[in-house]
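A quick write-up on the structure given underneath.
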Amino acid sequence: MSGDNCFNILEKIFKAKNEQTIEEIKGYSIKYGHIIDSNNNIVDEVLVSYFKSPKSYTTENMCEINTHGGIIILRKILELCLKNGAELAEPGEFTKRAFLNGRIDLLQAESVIDIINAKSEKEAKTSINQLEGNLSKKIRQIKQKILDVMVNMEVAIDYPEYDVEDATNVQILDMLNRVENDLLKLEQSFDNGKMIKEGIKTAIIGKPNAGKSSLLNAILKEERAIVTDIEGTTRDTIEEFININGIPLNIIDTAGIRNTENEVEKIGVIKSKKIANEADLIIAIFDSSKELTEEDIEILNIIKDKKVIIVLNKIDLETKIDEKNIKLKEISKYIIKISAINEIGIDSLYDKISEMFNLNEINVDNEIVITNLRHKNLITKAIENVKQAKETLENNMPSDIIAIFIKDILQCLGEITGEEVTENIINEIFSKFCLGK
């Protein structure tokens, strides 16, 4: 519970073993006792943590009831809290209060949900980095560069008789160049940030019985997909996540691509082609124990001009095609040989993925990385305003016109940290949180 009345509500339902008044209890302390109902019946044995304003997550008075758990006990304690005056929190309300009360900015608040939803170690590290305020600090530094020059601009606008405009314009151009450089670095980091947050959408493509499902099972190290000698076993997609060098791989096993009269299988083939078109990476798997067929050639046509790793499967059998095949080399330089059923060569696949996407070079420890699309769009908008301000300056437009674009840059940066954000955006952001966060 958080809020002015949380301790008053707690006193009605909690009986401590060693009773003290709320004034006597120190913040950051834990007391042992029992939750009791209106008839003084013990509901559960608990520990209660006390956090006194302003030293709490929300900066308000807060308490946490640590119970044995179990749905019946939890529901009973929640009912007692609500019966005695508490209100059920909205999604993200605790973090929202922390933002509205000035303990964290909006950027840091958004990082909380990113930490909760992190699918990889690198995503968690990036989110913690932002929660610690490193990106916020960078945004403030950029804003300060602008504000330092804006002071002189205001003088030039308000007191034109002092003829300081030429000197001011030199400062403005220098500032805009430095700000543009900083913003471009942040914008460019989003390519890696998007990969860290969303992962690499990876489609396993091939004709029936090439070994797609066996490869998925080998990657996951579990029998996730059905594997038989019967062609067309996989009719729909199967999606799973794995991590390679801290980056999530969203792997999709698709239906085998071939001409078929089966209506259900036809739908699966259409979906496979659609996924191949949308994927960031395609793992195209071929049966190396057989010559390339018309169906294989059709697959090669589908995946050309995409990021492709070609996998020659079934090297435990006599091979008919290898990595020297001209048709394969025309599609991709990344060609590996494996035996999915025997889990041979899977590490080579991981190495090729790391090489293709430079995963070893993504450093989240010492670099600021943008992972949030809202932040990226605002930075892009700020860069456009920088370019317009420079163009206006080069065309010798009046200072008050240039100032409009510079103020728009500040507006964009303020929307990232929450200083210039609207209530609708705040509500939209926190609606993505779960209860109790």
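What follows draws every value from the coordinates through simple rules; no lab data is involved. Predicted model, so just to flag it, every value in this text is computed and none were measured. All Cβ positions, glycine included, derive from the backbone under ideal geometry; neighbour counts span all protein chains shown.
Hey, which of these cross-link pairs are over 19 Å Cα-Cα: Lys125/Lys381; Lys143/Lys381; Lys271/Lys333; Lys185/Lys387?
Lys125/Lys381; Lys271/Lys333
Can you give the Rg/Rh ratio of the stretch 6-88, where Rg is from the C-alpha atoms and Rh is the Kirkwood radius?
Rg divided by Rh gives 0.94.
Which of the GluC sites (Glu not before Pro) found in the stretch 87-146 are loop residues per DSSP with 16 or fewer other Cβ atoms within 10 Å of their Cβ?
Glu87, Glu132
Dipole magnitude of the chain about its Cα centre, charges +1 at Lys/Arg Cβ and -1 at Asp/Glu Cβ only, in debye to the nearest 20?
1040 debye
Compute the Kirkwood hydrodynamic radius of the chain, taking the inverse of the mean of 1/r over all pairs of distinct Cα atoms, and give it in Å to one decimal.
By the Kirkwood definition, the hydrodynamic radius is 26.6 Å.
Taking 7 Å along the Cα-to-C-beta vector as the label spot, tell me the Asp4-Asp37 distance in nanometres, rounded to one decimal.
That separation, rounded to one decimal, is 3.2 nm.
Nearest 0.05, what FRET efficiency do Lys333 and Asn117 give at R0 = 41 Å with Cβ-Cβ as r?
Step by step, r from the Cβ atoms, then E = 0.70.
Dipole size in debye (nearest 20) for the stretch 322-396 around its Cα centre, Lys and Arg Cβ +1, Asp and Glu Cβ -1?
Rounded to the nearest 20 debye, it is 360 debye.
Roughly what % of DSSP beta bridges within the chain run antiparallel, to the nearest 5?
Here the share of antiparallel DSSP bridges comes out near 60 percent.
Can you list the lysines whose alpha carbon sits under 20 Å from that of Lys221, skipping same-chain ones fewer than 8 residues off?
Hits, sequence-local ones excluded: Lys119, Lys201, Lys212, Lys314, Lys337, Lys352.
Quick check: convex hull of the Cα atoms in the stretch 296-437, volume per residue, rounded to a whole Å³?
It comes to 258 Å³ per residue, whole-number rounded.
Along the charge dipole of the chain, Cβ charges K/R +1 and D/E -1, which of Leu74, Ile429, Ser53 sits furthest on the positive end?
Leu74
Considering only Lys83, Lys381, Lys271, give the residue with the highest GNM mean-square fluctuation for the chain, with springs between Cα atoms whenever their separation is below 10 Å.
Sorting by GNM fluctuation, first place goes to Lys83.
From the helices alone, meaning DSSP H stretches of at least four residues, give me the mean residue ellipticity at 222 nm for the chain, per-run term -39500 (n - 2.57), in deg cm²/dmol to the nearest 500.
-15500 deg cm²/dmol
Contour minus end-to-end for Lys76 and Leu173, with contour as 0.36 nm per residue of separation and end-to-end as the Cα-Cα distance?
Contour length minus the Cα-Cα distance gives 28.5 nm.
Can you list, largest first and rounded to whole Å, the semi-axes you get for the stretch 52-160 by taking the square root of 5 times each eigenvalue of its Cα gyration tensor?
Result for the stretch 52-160: semi-axes of 41, 20, 10 Å.
About the Cα centre of the stretch 1-137, what is the dipole size in debye to 20, counting +1 per Lys and Arg Cβ and -1 per Asp and Glu Cβ, all else neutral?
Using only the charged Cβ atoms, the result is roughly 200 debye.
Are there GluC sites (Glu not before Pro) in the stretch 280-319 that DSSP marks as loop and that have at most 14 other Cβ atoms within 10 Å, and which are they?
Here the sparse-neighbourhood loop sites are Glu291, Glu318.
Can you work out the FRET efficiency for the pair Lys12 and Glu87, with r the C-beta to C-beta distance and R0 = 22 Å, to the nearest 0.05?
My answer for the efficiency is 0.90.
Over the Cα atoms of the stretch 175-216, compute the convex hull volume and normalise it per residue, giving Å³.
76 Å³
In the stretch 183-203, which residues have a backbone nitrogen under 17 Å from the label point lying 7 Å from Glu240's Cα in the Cα-to-Cβ direction?
Residues 200-203 fall inside that zone.
Work out how much length Glu343 to Gln188 would gain on full extension: take 0.36 nm times their residue separation and subtract the Cα-Cα distance, in nm to one decimal.
Fully extending the segment from Glu343 to Gln188 adds 52.1 nm.
Can you spot the lysines whose alpha carbon is less than 21 Å from Lys83's alpha carbon? Ignore those fewer than 8 places along the same chain.
Here the lysines satisfying the reach criterion relative to Lys83 are Lys12, Lys15.
Under the Karplus relation 6.51 cos²θ - 1.76 cosθ + 1.60, θ = phi - 60°, what is the ordered set of whole-Hz ³J(HN,Hα) values for the stretch 113-121, x standing for Gly and Pro?
Couplings: 5, 5, 4, 4, 8, 4, 9, 8, 5 Hz.
Relative to the present Cα-Cα distance, how much length would full extension add between Asn427 and Lys387 at 0.36 nm per residue of separation?
Going from the current span to full extension adds 11.2 nm.
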